[in-house]
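To start, the structure under review is shown below, and the notes come after it.
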Amino acid sequence: MDASLEKIADPTLAEMGKNLKEAMRMLENSPRRIEEESGKKPVPEDIPGPLQGSGQDMVSILQLVQNLMHGDEDEEPQSTRIQNIGEQGHMALLGHSLGAYISTLDKEKLRKLTTRILSDTTLWLCRIFRYENGCAYFHEKEREGLAKICRLAIHSRYEDFVVDGFNVLYNKKPIIYLSAAARPGLGPYLCNQYSTVGWQNDLLHKSICCMNLMATQGSLTYFCNTSMRSLGLPFPCLCRVPCNTMFGSQHQMDVAFLEKLIKDDVERGRLPLLLVANAGTAAVGHTDKIGRLKELCEQYGIWLHVEGVNLATLALGYVSSSVLAATKCDSMTLTPGLWLGLPAVPAVTLYKHDDPALTLIAGLTSNKPADKLRALPLWLSLQYLGLDGIVGRIKHACQLSQRLQESLKKVDHIKILVEDELSSPVVVFRFFQELPTLDPAFKVAAVSNIAAAAVGRERHSCDALNRWLGEQLKQLVPQCGLTVMDLDIDGTCVRFSPLMTAEALGTRGEDVDQLITCIQSKLPVLTCTLQLREEFKKEVEGTAGLLYVDDPNWPGIGVVRYEHANDDNTSLQSDPEGEKIHTGLLKKLNELESDLTFKMGPEYKSMKSCIYIGMASDDVDVSELVETIAITAREIEENSRLLENMTEVVRKGIQEAQVQLQKANEERLLEEGVLRQIPVVGSVLNWFSPVQASQKGRSFNLTAGSLESTEYTYVYKVQGTGVTPPPTPSGTRSKQRLPGQKPFKRSLRSSDAVSETSSVSHIEDLEKVEQLPSGLEHDNLEAQCPEQPCRAADPVARQTEALQDEEDDHSQVEELERLR
């Protein structure tokens, strides 16, 4: 490329190309890489700019921009690079720099050059996307083209609009028809895109114009045109057309209902003005019946505008009939920058109209060179890519969609929301769980008998799981550019739209295969979690002290809250005591090192703390999990209350000790007499007649919570044992586990790694021994089965008898040792 730049006659253009190449190299690389390559220290970010006095060179300024773009690399990166900038991206970026340079030419050269750029780009786009004899309007905002088309339709249908303005619209209100599946906010944008919205503003402008009749003719004309261009529409001018409910796609516009709405508006004296159809809805990529809509628009004189991602397939050799019908519409909006991976490239609105004066008034055409230069980045990029490059990129995106569709058909529990499996470049899928296998005659009755609340709860549960699945896939396969979205009919889904992301992220076929592998690895967890939710709910509801919290937005087994003694179920405020218990419970559960994830957070309906249990595999013992939570929470509560009671006992014991010490001092004073308390006299009396008083003291027994005398300790020189403390309760189930088995795991009875003759019987023996009681109950069990044959026949009884004999022998040996 450097050799090609040297052949350019204009040194300014050659220098511009070199600077752009160097700038992109610096900006795309990380600061550390630049530092390693150049061996220089990075420029600090606190450059004072023009206030420094002497200016900075271009390299220093670019390094500053680079540091601001990449930020601190020591911190955790928020996301990967948004878009891969290749050579075609460099051409698009060069167009902006080149446009600024071209604007310095003289007016005549500038006019010829901008006209050539605009006409070439328009011709190329119309040929590529099969829109013959069309005009083009280039705009930065994607919706701006539709707003200008709306103005053009108003000027075309209202001949006296330029003169009468407000009165024309007031007498016959225009109606704009939008699909219920249109992009969110499209209708309000058409009405509220300007600050001077409403017909009252137009009336005010016209009044001002009448008051300034002495102004010059040019100023008055400019003012009137400006006021007309800033005219907004009220919200009653928008008509929302519902989608199909009985036949066809539920994301397509209902043509029959639309025809009924048009007839009603005509009978009411309104004017059907504009219809916005979709060739690929923003959500799922479905295409309206554009051919039927075109016939309806021709019948009532309505302007038909089409937009959507499926319009990109018009450049391919095979195009579906529904999308091909868009070539007959009045206007369409294209986004080639997103489809081809071109940064900073404007959107294009192609339209057909024969009156240049109306297009000039509507703002679709302009005599300003700056407006025409908007097409320069696209003009350069299209020439760089060529027809093969443009078609190849769009075809590659469609092939990625086809590859994902074919693979998802082989995956269970995945539903695909695709309208046309042969040409749709958008794939929308979601996880679902079918009803249990029932007889077809009873399946419909079973569904109809499900309560509406239960159906809604299952819908929310699947939505939460799909949201979790989408977020996991976005992290595991970021090159696919997946999007998680919520649909009114189908719920939460995952969308794959390679036409909008493939070129920017560099998506390949291997990435799609990796996506399928990740989906298959997550499906067992999803199906098992959904099945264990009901079991978890029943176990929690049947356990005392636990409350099941129905949180539909949590993608896990469930949510549980422990109800302590002072818990107020009627209050929704935060509970400090409950929060303390749940904090300790969360710590204990995480210390178990199980495969489950535990989190603590407030209930979605109140501020009370709960334990959130995450996704699970198929070998989770829900009963053990719930019992562990209940026992551990109860222990934490009891220990907390024990500490509180101990504090109170210690306080009372100190007070009692002070009273007893004071009483002992009074008794000693009475016993020894007053004379012994005098310093000199008392010493003489104690020398002639010593007092034989025993040493008395007090000790505080924490276990019994009482004061005890220390006389026994001083007399016999032995520490008193006091009251034996109660045994510490066990915090978890005393369930015997195999070596390496984690908590909350079911025993694998049918595992291939366990033989039928040894290991399986060993597991069963462990479970039987686990169920045997100890102590007196053990003796009662022996008393109930005195027959020796029964014991001999039962292996568990033989094992128990042998253990008891060993214990008896051991106790006899200990007794002999004690007597000796």
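The values are calculated or read from the model by the stated rules, or taken from the named source; none is laboratory data. Here the structure is a predicted model, which means the values were calculated and not measured. Neighbour counts are summed over all protein chains in view; Cβ atoms, including those assigned to glycine, are modelled from backbone coordinates with ideal geometry. All accessible areas refer to the heavy atoms of the entire protein, side chains included, with ligands and DNA or RNA removed. Shrake-Rupley method; radii C 1.70, N 1.55, O 1.52, S 1.80 Å.
In region 321-332, what count of residues is obtained for those that are touching a Leu at 6+ places or on another chain (Cβ under 8 Å) and open to solvent by 10 Å² or more (accessible area, probe 1.4 Å)?
The number of residues fulfilling the criteria is 3.
Against the definition (modelled with pLDDT of 90 or more, open to solvent by 50 Å² or more (accessible area, probe 1.4 Å) and more than 18 Å from Lys409 (Cβ to Cβ)), how does Leu476 come out, yes or no?
Yes: the conditions hold for Leu476.
If a residue counts only when it is within 25 Å of the chain's Cα centre (by Cα) and of a type in the set (A, V, I, L, M, F, W, C), which strands (runs of 3 or more DSSP E) contained entirely in region 480-570 have at least 3 such residues?
Because the criterion is at least 3 residues that are within 25 Å of the chain's Cα centre (by Cα) and of a type in the set (A, V, I, L, M, F, W, C), the strands (runs of 3 or more DSSP E) in region 480-570 that meet it are 483-487, 491-496.
Filter region 309-349 down to residues that are in a loop (DSSP other than H, G, I, E, B) and out of contact with any Cys (no Cβ under 9 Å at 6 or more places or on another chain), then give me how many there are.
11
Given the criteria in a helix (DSSP H, G or I) and modelled with pLDDT under 95, does Asp388 qualify?
So Asp388 passes the test.
Sort out which residues of region 157-170 are open to solvent by 40 Å² or more (accessible area, probe 1.4 Å) and not basic (Lys, Arg), and write them in order of number.
Glu159, Asp160, Val162, Val163, Asp164, Phe166, Asn167, Tyr170
Go through His96, His90 for me and flag whichever is open to solvent by 30 Å² or more (accessible area, probe 1.4 Å), modelled with pLDDT under 75 and under 21 Å from Leu385 (Cα atoms).
Going through His96, His90 in turn, the sole match is His90.
With respect to Leu526, is the statement that it is at pLDDT 90 or above and either under 21 Å from Arg430 (Cβ atoms) or acidic (Asp, Glu) (or both) true?
Spelling it out, Leu526 is indeed at pLDDT 90 or above and either under 21 Å from Arg430 (Cβ atoms) or acidic (Asp, Glu) (or both).
Taking Thr333 as meeting all but one of (1) out of contact with any helix residue (DSSP H, G or I) (no Cβ under 6 Å at 6 or more places or on another chain); (2) at pLDDT 90 or above, write down the number of the exception.
(1)
Answer yes or no: is there a residue in region 387-403 that is under 30 Å from Leu94 (Cβ atoms), open to solvent by 50 Å² or more (accessible area, probe 1.4 Å), of a type outside the set (S, T, N, Q) and touching a Pro at 6+ places or on another chain (Cβ under 9 Å).
Yes, there is a match, as at least one residue in region 387-403 is under 30 Å from Leu94 (Cβ atoms), open to solvent by 50 Å² or more (accessible area, probe 1.4 Å), of a type outside the set (S, T, N, Q) and touching a Pro at 6+ places or on another chain (Cβ under 9 Å).
Identify, from the list Gly269, Gly285, the residue that is closer than 15 Å to Asn310 by Cβ and out of contact with any Leu (no Cβ under 8 Å at 6 or more places or on another chain).
After ruling out the rest, the residue left standing is Gly285.
Filtering region 250-276 down to residues that are open to solvent by 20 Å² or more (accessible area, probe 1.4 Å) and modelled with pLDDT under 90, which residue is nearest to the chain's Cα centre (by Cα)?
Out of the qualifying residues, it is His251.
Going through region 481-517 one residue at a time, which ones are within 18 Å of Phe432 (Cβ to Cβ), surrounded by 16 or more Cβ atoms within 10 Å (Cβ to Cβ) and out of contact with any strand residue (DSSP E or B) (no Cβ under 9 Å at 6 or more places or on another chain)?
Result: Ile516, single match.
Take region 404-429 and flag every residue that is open to solvent by 60 Å² or more (accessible area, probe 1.4 Å) and part of a helix (DSSP H, G or I).
Correct list: Glu406 only.
Taking the stated definitions as given, is Ser640 among the polar types (S, T, N, Q), under 52 Å from the mean Cα position of the chain (by Cα) and modelled with pLDDT of 80 or more?
Spelling it out, it is not the case that Ser640 is among the polar types (S, T, N, Q), under 52 Å from the mean Cα position of the chain (by Cα) and modelled with pLDDT of 80 or more.
I need the full set of residues from region 123-135 which are touching a helix residue (DSSP H, G or I) at 6+ places or on another chain (Cβ under 8 Å) and open to solvent by less than 60 Å² (accessible area, probe 1.4 Å), in order please.
Result: Leu125, Ile128, Phe129, Tyr131, Gly134, Cys135.
Cβ-Cβ distance below 8 Å, separation of 6 or more or different chains: which pairs start in region 99-114 with a residue that is within 16 Å of Ser366 (Cβ to Cβ) and part of a loop (DSSP other than H, G, I, E, B) and end on one that is open to solvent by less than 70 Å² (accessible area, probe 1.4 Å) and not aromatic (Phe, Trp, Tyr)?
Ser103/Leu110; Ser103/Pro369; Ser103/Leu373
Against the condition at pLDDT 85 or above, under 33 Å from the mean Cα position of the chain (by Cα), surrounded by 13 or more Cβ atoms within 10 Å (Cβ to Cβ) and among the basic types (Lys, Arg), how does Arg111 come out, does it pass?
Here the answer is no, as Arg111 does not meet what is asked.
In region 240-249, which residues are outside any strand (DSSP E or B) and open to solvent by 80 Å² or more (accessible area, probe 1.4 Å)?
Thr245, Met246, Phe247
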